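FYI, it's all coordinate maths here, none of it is from the lab. What you see is a predicted model, and the numbers here were worked out from it, not measured in a lab. Quick reminder, even Gly has a Cβ in these numbers, built from the backbone with ideal geometry, and neighbours come from all protein chains shown.
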Amino acid sequence: MTQAKQDTERRVLRGLDSDSASIRLQSALAVGTAPDPAVIGKLVSRCAIEPEFHVREMLTWALTRHPASTTVPLLVDEVRSERAQARSQALHTLSKIGDRQAWPVITAALLSDADDEVARSAWRAAVVLVPDGAEHELAVVLATQLGRGGRETQLSLSRALIALGEVMLPALGAATTNGDPRVRAHAVATERLWRDPDAGFGFAMEEAKRVVALGGTGQEGR
């Protein structure tokens, strides 16, 4: 390695630890613009603690600019971290890379992670990484999370299920008869969004709540 390259690498590494978000952003941009395998580990570890959303997005972009054969194993290790942000950001980055070799790390436990951000990232990653033929099994697991959390969490799950296509409809149909009205309403709303993507999630949820309050399942007439 030349002295100039060593100096550049040290400067980038210092920049990623800077107190200034703008400097951290510029450093991540620099690594993505001129990929350097020597700093991949630093990019991954920084994702786990970076407080600024736009910097985290740049870190993810920088990682996607490097070979998946190098980044994916490190990211898979991060998915097993005890730190929620490390798990969430690693999953987010894996979804952007799209390498299905990472699929085994997407477990049922991860898809039901107690942290909503981690779970949402896992859902998004799962629908990108799921192998052909495993979509139905994934839909069944995702359907166990219906009714969970607030609006953003529920919207994320609906989008993930819809992204799986028709294969998710049996799991969704079964959920419309669940004993929990929140689960039923979320299932009905998701089914309506599947059939009418322009309806809007808020409208679909309000309609679904009315259907459930009246004792329906949303499957009448289907």
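Summary table
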| item | result |
| --- | --- |
| FRET efficiency, ARG80 to GLU137 (Cβ-Cβ, R0 25 Å, nearest 0.05) | 0.70 |
| Most mobile listed residue (ALA199, ALA189, ALA86) in the chain, GNM with C-alpha springs under 10 Å | ALA199 |
| Sum of -39500 (n - 2.57) over DSSP H runs of 4+, divided by residues of the chain (222 nm, nearest 500) | -20500 deg cm²/dmol |
| Part-to-part distance (alpha-carbon centres) for the stretch 10-88 and the stretch 139-166, which is given in Å | 28 |
| Hits among lysines - C-alpha to C-alpha of LYS5 under 27 Å, sequence gap 8 or more where chains match | LYS42 |
| Order by protection proxy (mean Cβ within 10 Å, highest first), peptides 94-100, 9-15 | 94-100, 9-15 |
